[in-house]
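The values are calculated or read from the model by the stated rules, or taken from the named source; none is laboratory data. The structure displayed is predicted, hence computed values, not measured ones. Cβ atoms come from the backbone with ideal geometry, glycine included; neighbour counts cover every protein chain shown. In case anyone asks, the SASA skips ligands and DNA or RNA and just uses the protein heavy atoms, side chains included. Shrake-Rupley method; radii C 1.70, N 1.55, O 1.52, S 1.80 Å.
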Amino acid sequence: MNKESFFSAIAVCCLYATCAFAQTWEGEILDTSRPLVALIDFDRKILYFSTTGNTPWTLEVSSTSKDAMAFSTQIGDSSYKFFGMQKDDVFEGTAVFDGQRHAFIFQRISFPPKPKNRVEAWDQDIDVLETRFFRYDHSFSSAGRAEFLKHLKILRAHIPDLSDQAIEVALARTIALAHNGHTRLYLMRNRTEVRQSPIRVWWFTDGLYIIRADKQHEALLGCRILRVGNMTTMEAFSKVRYIDSGSATWQRYMSSYFLTSPDILFGAGVLSSDSTEDLTISCNGKSSVVTLPSTPLKKSSAPQEAWHDLAPAFLDHDLIPAFQAQTVPLYLQRPNENYWSHYLPAEKVLYVQYNRAQANEQGSSPDEFKRQIEQSLKEKSPRALVFDLRFNTGGNGYLAEPLLHAIAGHAAQTPVFVITGRATFSAGIMAAAELRQWAKAIVVGEPAGDDIDFWAEGGNLTLPNSGLTAHYANGFHHYSAASYPSIVPYVKLTIDTLAPSLPAKSSWSDYMAGKDVAMEAIIHRLQ
């Protein structure tokens, strides 16, 4: 396993912040393109890496003295060796792996005592953000770092007066001051830490609509939401905006979660209660007010994608979809597959949907899928290839590179169109940018969920008392022609833009009619 595959192939998980180790150290191996954060417990002789999360790796301590220590660990085929000197609470030295040497610096971690009360518990959580999180995140500007510390200081002073939900929202907003989509506090989507109402929603060009509901509220399916509490939907949206960072379209995507959570809406000041959600809705031209209960909290570390709710084929035994047509458009047909393809003979178009930068659990491997696409390009000679990334929120960005290079190799004969949307994020943006650069792809749809220069990679820290997880980012993705002389990029491309040259946005009637406005724009362009 080489260093690049080690950093990129393993999902970013959490470093435990709550382990009660007597001799625990945490710090960075200083790779210039992306530091690797490690937590080391010398008492139990185990090590955690930010890239491998809660997997403990066994330490072999080969020599110790009063001030010096050498130890190693084995991960797959790679051996990681450390040699360092300790002085007080700092441990510095050199790490050697894959034939390269990197400096490291670790600091002793002191874990706080059990908090005496709620205020002290939140205070300890803020300490973790102010010290350890702040130390490892690289995405804040100098001004942003000062603002981050200022906001935490103000929040500390107001803990006694705020609800837990308001503190959670305030912490999330403070982390979002990085103005970087990957730097965030997990409340919804990657993890579920708050309650939701028994509906799911989506923004269309003509408003916010209910696209799923439980059996008890099935009559609300297809209704347009006019007000949330006493606020219009746009006023409510402005209140939940920047709880996560990211582009304007990513704000739309994340609001699909936040606007269905009484906890978030109460914490953000939209609702006066966290137990119910009052909505003013319009159904069949008639307006009414409904009160929705919050469902019991089901904490989960499993990711949940809001776009799944658009697809009737995505099974949710608790929620019924509004769209139940017999003929489902291509882009909604196979939400449970990370990648798949279909040839449209009438249009002579090869359609590829890449929903997740991750190998399929069943079906073809990435290598097999690449060969299938190459065979289709050779045998069908399509007049265009459509690469649909509108729902790809990320994963292993390097997984698709062989496929994308193969597609680019045919681009002179087969023009490439890339569909992006509000849920195109992280590795999804990386794939879109690579096709833009290598295949001169034409971008269609909505703008992606982040800028084309962004910080990603990094790792997670779990706050000791609330159990909330904060993600820090430390690897720079540089896709534009802009200059960043002080930053060594983790991924480097040079493209002009990812803004769609063929904009395409769906209305509610488009969705319910089974229209794919992005594909229609492409077919029209080909004609």
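For Met519, are the conditions met, namely being in contact (Cβ under 8 Å) with a residue 12 or more places away in the chain, surrounded by fewer than 19 Cβ atoms within 10 Å (Cβ to Cβ), of a type outside the set (Val, Ile, Thr) and farther than 24 Å from Thr183 by Cβ? Here the answer is no, as Met519 does not meet what is asked.
Could you say whether any residue in region 456-470 is in contact (Cβ under 8 Å) with a residue 24 or more places away in the chain, acidic (Asp, Glu) and open to solvent by less than 30 Å² (accessible area, probe 1.4 Å)? No, every residue in region 456-470 fails to be in contact (Cβ under 8 Å) with a residue 24 or more places away in the chain, acidic (Asp, Glu) and open to solvent by less than 30 Å² (accessible area, probe 1.4 Å).
Can you pull out every residue in region 264-322 that is among the hydrophobic types (A, V, I, L, M, F, W, C) and either over 18 Å from Ser197 (Cβ atoms) or under 23 Å from the mean Cα position of the chain (by Cα) (or both)? Listed by number, the residues that qualify are Ile264, Leu265, Ala268, Leu297, Ala302, Ala306, Trp307, Leu310, Ala311, Ala313, Phe314, Leu315. Residues that are at pLDDT below 90 and acidic (Asp, Glu) within region 28-40 comprise just one, Asp31. The residue that is farthest from the chain's Cα centre (by Cα), counting only those in region 333-379 that are of a type in the set (Gly, Ala, Ser) and closer than 16 Å to Ala427 by Cα, is Ala359.
When the residues of region 491-501 are narrowed to those that are open to solvent by less than 30 Å² (accessible area, probe 1.4 Å) and not β-branched (Val, Ile, Thr), which ends up farthest from Val328 (Cα to Cα)? For region 491-501, the residue satisfying everything is Leu493. Report whether or not Thr64 is among the hydroxyl-bearing types (Ser, Thr, Tyr), exposed (fewer than 14 other Cβ atoms within 10 Å of the Cβ) and within 15 Å of Thr24 (Cα to Cα). No; evaluated as a whole, the condition is false for this residue.
In the condition set (1) touching an Asp or Glu at 6+ places or on another chain (Cβ under 7 Å); (2) outside any loop (DSSP other than H, G, I, E, B), Asp274 is compliant with all but (2).
For region 303-351, a residue qualifies if it is surrounded by 15 or more Cβ atoms within 10 Å (Cβ to Cβ), aliphatic (A, V, I, L, M) and within 26 Å of Ile523 (Cα to Cα), and the qualifying residues are Leu310, Ala311, Val328, Leu330, Leu332, Leu344, Val349, Leu350. Tell me, which residue of region 396-414 that is touching a residue at least 40 places away in the same chain (Cβ under 8 Å) and open to solvent by 20 Å² or more (accessible area, probe 1.4 Å) is nearest to Ile495 (Cα to Cα)? By that ranking, first place goes to Tyr398. Scanning region 256-279 for residues that are open to solvent by 30 Å² or more (accessible area, probe 1.4 Å) and either in contact with a helix residue (DSSP H, G or I) (Cβ under 6 Å, 6 or more places away or on another chain) or not charged (D, E, K, R) (or both) yields Phe266, Gly269, Ser272, Ser273, Asp274, Ser275, Thr276. Checked against (1) free of Cβ contacts under 8 Å to residues at least 60 places away in the same chain; (2) closer than 26 Å to Lys299 by Cα; (3) not in a helix (DSSP H, G or I), Leu155 meets all criteria but (3).
Each row is one residue, and each column tells you yes or no for (1) at pLDDT below 95; (2) in a loop (DSSP other than H, G, I, E, B); (3) buried (at least 20 other Cβ atoms within 10 Å of the Cβ).
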residue	(1), (2), (3)
Leu171	no, no, yes
Gly181	no, yes, yes
Ser197	no, yes, yes
Val201	no, no, yes
Ile210	no, no, yes
Gly222	no, yes, no
Leu226	no, no, no
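Against the conditions (1) over 23 Å from Ala248 (Cα atoms); (2) open to solvent by 10 Å² or more (accessible area, probe 1.4 Å); (3) in a loop (DSSP other than H, G, I, E, B); (4) not aromatic (Phe, Trp, Tyr), Lys370 satisfies every one except (3).
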